[in-house]
């Protein structure tokens, strides 16, 4: 059986045009998907049952026991950390935030180590963004800054930018100019009309230089700015100013580099300068398929997009203090629930050491690096394959993901709801 | 010889992200892309083992040449190998310096550890599928 208009739950593009062929409880082929989508839908290495570690021995346990143990660990903890949430649907994220409030826990999502700094900059100066549909139909200048979509978002260029014909761009490949800024010559840089190779950590200076040029103050700049010829920046500024509609996309090359959220603030302010000349927008290239959703859900319930600390009985947010890496670095939390993420692979070693030293419980369909650090893991259905739920695309558009095969696995929501009900009962809430 | 370690996504890393115990993931996550001239200066053959050492620790990886890489800079896809030597300092932003770790690199005869061994080295316990 072929199912059309299937949503891919891998990256923030949330491509919704996949055609998936199903035989029984297996996906046997995927059309329109990129390499990442094909691997995701065709993957067959799920953890079969909940597993629990007692000292150095792993054993299989029943789902009810695993759920009860999870609730008890969280109730026993003085400062639990609930981390991840970007690899699950909005309904599960909602339960997570309510659970954190009851427990007086810290709840944080993966944007803490991806676009958290982007959100901090947006909180300072706003976000002149737009939907990907606007980009596809209108943008004749595209900037990828510190971002390599060919590797990280493989269909971004074919669905929305370089290769995507739009309402006002009938031959997009010839009509759109593509500018790439990076510290190395990536595959994306190879197809750029202008590639600016910036020195590591010099993005802030380069953004400031471009702002000066757009403001008409370029003559005061030195001839070479952090390894980039001033003439190239004049050329790039002209391309941007003469655009009918420009769209800048930025990645972790800005958020993780020296300057962090100040880089993003400067990029937003460059876009503000460009809007004195034409229409220009800026948007983050979100990684996890529902990391944007985790920011939305956290915000609509608590007022804050990530790193929310309920220890005071109210929501408190202070990146650098209530962010997961800092909490783990300080050895502060005494239990951790990981949902839809893999901090074992993506956090610095010292954070992993603390996760290994406390009761860490993971809810995830697959064995990953965090499995080896955990005391308990509960396998669940994969949203978009054998569970459905709501996700937010990288431009903030909510999309309902579909279930294409039947399963015996519970969804994230079902497992979390059971844990939540036990916590409610025990706390008398 | 001193380098700046940069990390980021690769399509091979993404393709194997749900197969973290696989050989394909281990190989990609432990591959260090270097400028070919830097490799020549250090007398490192393609796919030879190197030890990558930061102020925060050291890890064995394998080197491959990448002409798109500037001299003095190396790239490793994000994952447990690179993060083994990244500092947890976030400068009050919540975000570690994933793209700016200063490292020393030299050839070695040691082999690359599997991921479970990395996790066991910080107190974890191997789970086999």
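Within the group A:150, A:122, A:95, which residue is assigned by TED's automatic domain parsing to the domain that holds residue A:268, in a helix (DSSP H, G or I) and touching a helix residue (DSSP H, G or I) at 6+ places or on another chain (Cβ under 6 Å)? So that I can check it myself, show each step before the final result.
Values: A:122 fails: touching a helix residue (DSSP H, G or I) at 6+ places or on another chain (Cβ under 6 Å); A:95 fails: assigned by TED's automatic domain parsing to the domain that holds residue A:268.
Among A:150, A:122, A:95, only A:150 is assigned by TED's automatic domain parsing to the domain that holds residue A:268, in a helix (DSSP H, G or I) and touching a helix residue (DSSP H, G or I) at 6+ places or on another chain (Cβ under 6 Å).
Condition first: under 30 Å from residue A:326 (Cα atoms), in contact with a strand residue (DSSP E or B) (Cβ under 9 Å, 6 or more places away or on another chain), at the interface with chain A (Cβ under 7 Å from one of its Cβ atoms) and touching a residue at least 40 places away in the same chain (Cβ under 8 Å). Can you find one or more residues in the range B:56-73 that meet it? Give the steps one after another, and end with the answer.
In the first step, residues of the range B:56-73 are kept if they are under 30 Å from residue A:326 (Cα atoms); the result is B:56-61, B:72-73.
Now narrow it down to the ones that are in contact with a strand residue (DSSP E or B) (Cβ under 9 Å, 6 or more places away or on another chain): B:56, B:58-61, B:72-73.
From what's left, at the interface with chain A (Cβ under 7 Å from one of its Cβ atoms): B:73.
Within this subset, residues satisfying the condition of being touching a residue at least 40 places away in the same chain (Cβ under 8 Å) are B:73.
Yes.
Restricted to the range B:101-117, and to residues that are surrounded by 18 or more Cβ atoms within 10 Å (Cβ to Cβ) and either under 28 Å from residue A:147 (Cβ atoms) or at pLDDT below 95 (or both), which residue is nearest to the other protein chains (Cβ to nearest Cβ)? Lay out the reasoning, then the answer.
The initial filter retains those residues of the range B:101-117 that are surrounded by 18 or more Cβ atoms within 10 Å (Cβ to Cβ), namely B:101, B:103, B:105, B:112-113, B:115-116.
From what's left, either under 28 Å from residue A:147 (Cβ atoms) or at pLDDT below 95 (or both): B:101, B:103, B:105, B:115.
Details: B:101: 10, B:103: 13, B:105: 16, B:115: 5 Å.
Among residues in the range B:101-117 that are surrounded by 18 or more Cβ atoms within 10 Å (Cβ to Cβ) and either under 28 Å from residue A:147 (Cβ atoms) or at pLDDT below 95 (or both), the one nearest to the other protein chains (Cβ to nearest Cβ) is B:115.
Report whether or not residue A:404 is within 20 Å of the chain's Cα centre (by Cα), surrounded by fewer than 24 Cβ atoms within 10 Å (Cβ to Cβ) and farther than 19 Å from residue A:367 by Cα.
no
So which strands (runs of 3 or more DSSP E) stay within the range A:325-429 end to end and still have 1 or more residues that are touching a residue at least 40 places away in the same chain (Cβ under 8 Å) and closer than 26 Å to residue A:29 by Cα? Walk me through how you get there before you give the answer.
Numbers: elements: A:335-339, A:360-363, A:376-378, A:389-392, A:398-401.
Once the strands (runs of 3 or more DSSP E) in the range A:325-429 are filtered for at least 1 residues that are touching a residue at least 40 places away in the same chain (Cβ under 8 Å) and closer than 26 Å to residue A:29 by Cα, what remains is A:389-392, A:398-401.
Checking residue A:286 against (1) surrounded by 24 or more Cβ atoms within 10 Å (Cβ to Cβ); (2) touching a helix residue (DSSP H, G or I) at 6+ places or on another chain (Cβ under 6 Å); (3) not in a loop (DSSP other than H, G, I, E, B), which single condition isn't satisfied?
It is condition (3) that residue A:286 fails.
Does residue A:247 satisfy being in contact with a strand residue (DSSP E or B) (Cβ under 6 Å, 6 or more places away or on another chain), buried (at least 24 other Cβ atoms within 10 Å of the Cβ) and more than 14 Å from chain B (Cβ to nearest Cβ)?
Spelling it out, residue A:247 is indeed in contact with a strand residue (DSSP E or B) (Cβ under 6 Å, 6 or more places away or on another chain), buried (at least 24 other Cβ atoms within 10 Å of the Cβ) and more than 14 Å from chain B (Cβ to nearest Cβ).
Going through the range A:300-315 one residue at a time, which ones are without any contact (Cβ under 8 Å) to a residue 24 or more places away in the chain and within 14 Å of chain B (Cβ to nearest Cβ)?
Passing the criteria: only A:304.
Any idea how many residues of the range A:166-200 are over 15 Å from residue A:210 (Cα atoms) and away from every other protein chain (no Cβ under 14 Å)?
Qualifying residue count, the range A:166-200: 14.
Determine if the range A:99-108 includes at least one residue that is touching a helix residue (DSSP H, G or I) at 6+ places or on another chain (Cβ under 9 Å), at pLDDT 95 or above and not assigned by TED's automatic domain parsing to the domain that holds residue A:351.
Going through the range A:99-108, the residues touching a helix residue (DSSP H, G or I) at 6+ places or on another chain (Cβ under 9 Å) turn out to be A:99-103, A:105-108.
Still in the running and at pLDDT 95 or above: A:99-103, A:105-108.
Okay, now just the ones that are also not assigned by TED's automatic domain parsing to the domain that holds residue A:351, so none.
No, there is no match, as no residue in the range A:99-108 is touching a helix residue (DSSP H, G or I) at 6+ places or on another chain (Cβ under 9 Å), at pLDDT 95 or above and not assigned by TED's automatic domain parsing to the domain that holds residue A:351.
Name the one entry in A:70, A:88, A:161 that is buried (at least 19 other Cβ atoms within 10 Å of the Cβ) and out of contact with any helix residue (DSSP H, G or I) (no Cβ under 6 Å at 6 or more places or on another chain). Spell out the reasoning first.
Values: A:70 fails: out of contact with any helix residue (DSSP H, G or I) (no Cβ under 6 Å at 6 or more places or on another chain); A:88 fails: out of contact with any helix residue (DSSP H, G or I) (no Cβ under 6 Å at 6 or more places or on another chain).
Just one listed residue meets the conditions, A:161.
State all residues of the range A:209-231 that are surrounded by 15 or more Cβ atoms within 10 Å (Cβ to Cβ) and assigned to a helix (DSSP H, G or I); if no residue qualifies, say none.
A:209, A:210, A:211, A:212, A:213, A:214, A:218, A:230
I'd like to check something: does the range A:155-166 contain any residue that is under 21 Å from residue B:10 (Cβ atoms), in the same structural domain as residue A:227 (by TED's automatic domain parsing), modelled with pLDDT of 95 or more and assigned to a loop (DSSP other than H, G, I, E, B)?
Checked against the condition, which is being under 21 Å from residue B:10 (Cβ atoms), in the same structural domain as residue A:227 (by TED's automatic domain parsing), modelled with pLDDT of 95 or more and assigned to a loop (DSSP other than H, G, I, E, B), the range A:155-166 yields at least one hit.
Which of the residues that make up the range A:1-18 are part of a strand (DSSP E or B) and closer than 21 Å to residue A:89 by Cα? If you could, list the steps in order and put the result at the bottom.
Pass one, the range A:1-18, residues part of a strand (DSSP E or B): A:2-6, A:11, A:18.
Residues satisfying the conditions are A:3, A:4, A:5, A:6, A:11, A:18.
From the set of residues in the range B:1-39 that are over 18 Å from residue A:342 (Cα atoms) and facing chain A (nearest Cβ under 8 Å), which is surrounded by the most Cβ atoms within 10 Å (Cβ to Cβ)?
B:6
Exactly one of (1) in contact (Cβ under 8 Å) with a residue 24 or more places away in the chain; (2) touching a strand residue (DSSP E or B) at 6+ places or on another chain (Cβ under 9 Å) is unmet by residue A:187. Its number?
Result: residue A:187 passes all but (2).
Quick check on residue A:330: is it within 23 Å of residue A:298 (Cα to Cα), more than 8 Å from chain B (Cβ to nearest Cβ), surrounded by fewer than 24 Cβ atoms within 10 Å (Cβ to Cβ) and modelled with pLDDT of 95 or more?
So residue A:330 does not fit the description; no.
Checking the conditions here, which among A:265, A:258 is in a loop (DSSP other than H, G, I, E, B) and either outside the structural domain of residue A:200 (by TED's automatic domain parsing) or closer than 30 Å to residue B:94 by Cα (or both)? Full working, then the answer.
Values: A:265 fails: in a loop (DSSP other than H, G, I, E, B).
Step by step, each of A:265, A:258 is checked, and only A:258 is in a loop (DSSP other than H, G, I, E, B) and either outside the structural domain of residue A:200 (by TED's automatic domain parsing) or closer than 30 Å to residue B:94 by Cα (or both).
Do we have any residue at all in the range A:387-398 that's crowded, with 24+ Cβ neighbours inside 10 Å, in contact with a strand residue (DSSP E or B) (Cβ under 7 Å, 6 or more places away or on another chain) and within 12 Å of another protein chain (Cβ to nearest Cβ)?
No: the range A:387-398 contains no residue that is crowded, with 24+ Cβ neighbours inside 10 Å, in contact with a strand residue (DSSP E or B) (Cβ under 7 Å, 6 or more places away or on another chain) and within 12 Å of another protein chain (Cβ to nearest Cβ).
Please go through the range B:74-93 and pick out each residue that is under 22 Å from residue B:24 (Cβ atoms) and facing another protein chain (nearest Cβ under 7 Å). Quick ask: steps written out before the conclusion?
As a first pass, look at the range B:74-93 and keep what is under 22 Å from residue B:24 (Cβ atoms): B:74-84.
Across the range B:74-93, the qualifying residues are B:75, B:78, B:79, B:80, B:83, B:84.
Need a quick list: helices (runs of 4 or more DSSP H) entirely within the range B:16-129 having at least 3 residues that are farther than 26 Å from residue A:114 by Cα and over 14 Å from the mean Cα position of the chain (by Cα). Even if it seems obvious, please write down each step before you answer.
Numbers: elements: B:23-29, B:36-41, B:80-83, B:115-120.
The qualifying helices (runs of 4 or more DSSP H) are B:36-41.
The values are calculated or read from the model by the stated rules, or taken from the named source; none is laboratory data. As the structure is a computational prediction, the values presented were derived from the model and not from experiment. Every residue, glycine as well, gets a Cβ built from its backbone with ideal geometry; the counts of neighbours run over all protein chains shown.
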